[in-house]
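Taken together, the values in this text are just the output of simple stated rules run on the coordinates, not laboratory data. The model shown is predicted, which means the values in this text are computed figures rather than measured ones. All Cβ positions, glycine included, derive from the backbone under ideal geometry; neighbour counts span all protein chains shown.
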Amino acid sequence: MNETGQTVPLSYKRYGGELPAGCDVMAQRPALPAPDTLLFSHGRAALAWFLEAYGPFGSALVCAYTCTTVPTFLRRRGLAVAQFDYGETEFSYLADRSEGRTLVLLPAPFGMAPWLDAKALADELGSRFAIIIDAAQSAFGHLEFAPPNGGAVLACPRKALALADGAALRLGNNAPQNDQAIEALPLAEEATRLKQAARDLFALRDPECEAEALSLAKKSEKAWPDHACRITERSRDQLMHTDREHHRCRRSTNAATLDAELCDLECLLPPGPGTPFAWPFAIRDRGVLLSRLHEQRVFATPLWPDAALLGSPHPRARRMSDELVALAVDQRYSPDDMRRMADLVRACL
């Protein structure tokens with residue numbers, strides 16, 4: 001039986017896709033609030049607040065391989081956006097061209113540590129730049145990575161836990177009045193309601209409900225506002241009660257299992273430290289493989305196929321956009337599940 005008391009078909013299998021309600025393991029005691037950390041409804045809400053609290057900003061430097069909603073959002077806020085390649089270690093030339101105060105989003109790819117030292121980069125670029133470590137593909141990246149002075153670490157637990165909403169922004173220097181200001185923000189009520197409804201439907205483990213659940217999840221993503229919103233009390237409580245160590249260990253063990261099972265594939269997961277969001281690998285003719293996997297109910301994802309389009313001057317980002325496939329390693333699965341999924345992947349290659 002599932003958490004709603006309904007009988008679950010023993011044959012139900014679904015690898016990947018939206019996390020269902022109730023899949024996170026809870027700790028016996030809630031965690032204490034993290035110091036210097038503010039909780040928002042979603043990532044863009046946190047960024048909107050930071051831009052207003054630490055601006056004005058005239059420009060932003062963003063990795064070319066990222067969710068396209070991010071640079072689009074920044075442009076809507078009036079920032080001039082310049083991009084650097086995935087894995088690029090020298091982009092001071094972009095900084096020299098930036099206008100006014102500049103926001104730098106440094107990726108923590110797939111929940112793992114950035115390829116650059118954020119503190120050293122902040123020292124190199126100077127006070128005109130505010131660096132945010134973009135750990136949006138993590139539940140607890142704000143606790144795993146240290147925020148640079150004048151910047152922050154952004155994690156999005158709503159993407160890695162079964163929350164209806166939730167983003168955590170840990171600041172390099174917080175002020176007590178910030179906490180009071182966050183409490184006065186509105187809620188993202190419609191997006192949160194739709195996301196919770198989607199998670200509840202997926203928790204039924206009924207294939208006949210999946211289309212409706214997926215539709216609700218898509219509507220939720222479109223409903224997130226561009227302005228700052230606070231986290232709901234329900235999601236805050238779930239986040240504080242989530243067993244962080246179990247979450248990290250389960251995802252890390254599952255990723256290591258796929259490392260061993262699919263060692264012939266080109267894994268793109270950085271070495272860490274961090275907590276894996278997924279197990280990404282590169283393959284040509286991705287569309288054919290994804291179609292075969294979906295027929296086997298392995299809902300692998302290309303993540304951001306439209307991030308770096310044809311003609312992009314960023315070759316590594318373009319390759320990620322063209323060839324990346326991400327397999328689920330999240331907390332609802334065991335290493336045995338990973339081995340079964342690996343068998344299906346090998347059969348589809």
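Relative contact order of region 37-183, please, whole-number percent, based on alpha carbon pairs below 8 angstrom and at least 6 residues apart. Please list the in-between numbers first.
On the way: 294 pairs, mean separation 37.4, N = 147.
Reported as a whole number, the value is 25 percent.
Could you calculate the FRET efficiency of Lys219 with Met26 from 1/(1 + (r/R0)^6), where r is the beta carbon distance between them and R0 is 35 Å, rounded to 0.05? If you can, show how the numbers build up before the last one.
Working: r = 28 Å, r/R0 = 0.81.
Working from the Cβ atoms, E equals 0.80.
Let me check I've understood the local charge: for Ala278, count other residues with C-beta under 10 angstrom from its C-beta, Lys and Arg +1, Asp and Glu -1. What total comes out? Don't skip to the end; give the middle numbers.
Numbers: positive: Arg251; negative: Asp330.
Summing Lys/Arg as +1 and Asp/Glu as -1 gives 0.
With charges set only on the Cβ (+1 for Lys and Arg, -1 for Asp and Glu), what does the dipole of region 244-348 come to about its Cα centre, in debye to the nearest 20?
Numbers: 15 positive and 14 negative charges, 43 e Å.
For this selection, approximately 200 debye.
Choose one of Cys249, Leu194, Gly151: the residue whose Cα lies farthest towards the positive end of the charge dipole of the chain (beta-carbon charges +1 Lys, Arg; -1 Asp, Glu; about the Cα centre).
Leu194
One quarter of the convex hull surface, Cα atoms only: what value does that give for the chain in nm²? Walk me through the numbers before you get to the answer.
Working: hull surface 68.1 nm².
So the Cα hull casts an average projection of 17.0 nm².
I'd like the distance between the alpha-carbon centres of region 130-168 and region 239-254, rounded to an integer number of Å.
Cα centroid to Cα centroid, the span is 15 Å.
Subtract the Cα-Cα distance of His246 and Ser127 from 0.36 nm times their separation in residues, and report this length gain in nm to one decimal. Write out the running numbers ahead of the final one.
On the way: separation 119, 0.36 × 119 = 42.84 nm, distance 3.82 nm.
Using 0.36 nm per residue and subtracting the Cα-Cα distance, I get 39.0 nm.
When the chain is fully extended, how far beyond the present Cα-Cα distance does Leu309 get from Ala347, taking 0.36 nm per residue of separation?
Length difference between fully extended and current span is 10.7 nm.
Within the set of other residues whose C-beta is less than 9 Å from the C-beta of Cys63, count the net charge using Lys and Arg as +1 and Asp and Glu as -1.
Values: positive: none; negative: Asp85, Glu88, Asp134.
Value of the local net charge: -3.
Rg and Dmax in Å for region 197-267, alpha carbons only: what are they?
17.1, 45
Using the Kirkwood formula on the Cα atoms of region 37-183, what hydrodynamic radius do you get, in angstrom to one decimal? Write out the running numbers ahead of the final one.
On the way: mean 1/r = 0.0664 Å⁻¹.
Evaluated on region 37-183, it is 15.1 Å.
Beyond 19 Å, what share of the Cα-Cα pairs of region 137-227 remains, rounded to the nearest whole percent? List each step's numbers first, then the result.
Working: 2132 of 4095 pairs.
Result: 52 percent of Cα pairs exceed 19 Å.
Could you grab the relative contact order for region 244-348? Cα pairs under 8 Å, six or more apart, rounded to a whole percent. Each step should come with its number before you reach the end.
On the way: 141 pairs, mean separation 37.9, N = 105.
Worked out over region 244-348, it gives 36 percent.
If the only charges are +1 at each Lys and Arg Cβ and -1 at each Asp and Glu Cβ, what is the size of the charge dipole of the chain around the Cα centre, to the nearest 20 debye? Walk me through the intermediate numbers first.
Working: 39 positive and 44 negative charges, 67 e Å.
Charge dipole of the chain: 320 debye, to the nearest 20.
Viscosity 1.306 mPa s, temperature 10 °C: what is the translational diffusion coefficient of region 250-293 from Stokes-Einstein with a Kirkwood Rh over Cα pairs, rounded to a whole number of µm²/s? Can you show the working numbers first?
Working: Rh = 11.5 Å.
Rounded to a whole number, D works out at 139 µm²/s.
Give the Debye-formula value of log10 I(q)/I(0) at each listed q (0.22, 0.24 Å⁻¹), with one equal scatterer per alpha carbon of region 244-348, two decimals each.
One equal scatterer on each Cα of region 244-348 leads to -1.20, -1.34.
Note down the relative contact order for the chain as a percent, whole number, built from C-alpha pairs under 8 angstrom at least six residues apart.
After rounding, I find 23 percent.
Report, in deg cm²/dmol and to the nearest 500, the calculated mean residue ellipticity at 222 nm for the chain, where each DSSP H run with n ≥ 4 adds -39500 (n - 2.57) and the sum is divided by the residue count. Intermediate values should be presented prior to the final figure.
Numbers: 14 runs with 139 residues, N = 349.
Rounded to the nearest 500, the figure is -11500 deg cm²/dmol.
With a ≥ b ≥ c taken as the square roots of the eigenvalues of the C-alpha gyration tensor of region 69-143, please select rounded if a/c is under 1.5 and otherwise prolate if a/b is larger than b/c or oblate if it is not?
Numbers: a/c = 1.72, a/b = 1.23, b/c = 1.40.
Here region 69-143 falls in the oblate category.
Give, as ranges by residue number, the residues of region 216-251 whose backbone N falls under 19 Å from the point 7 Å along Cα→Cβ of Cys209.
The answer is 216-220.
Kindly write out, for region 148-165 in residue order, the coupling ³J(HN,Hα) from the Karplus curve 6.51 cos²θ - 1.76 cosθ + 1.60 (θ = phi - 60°), rounded to whole Hz, with x marking Gly and Pro.
x, 4, x, x, 6, 10, 10, 10, 10, x, 5, 8, 10, 10, 8, 9, 6, 7
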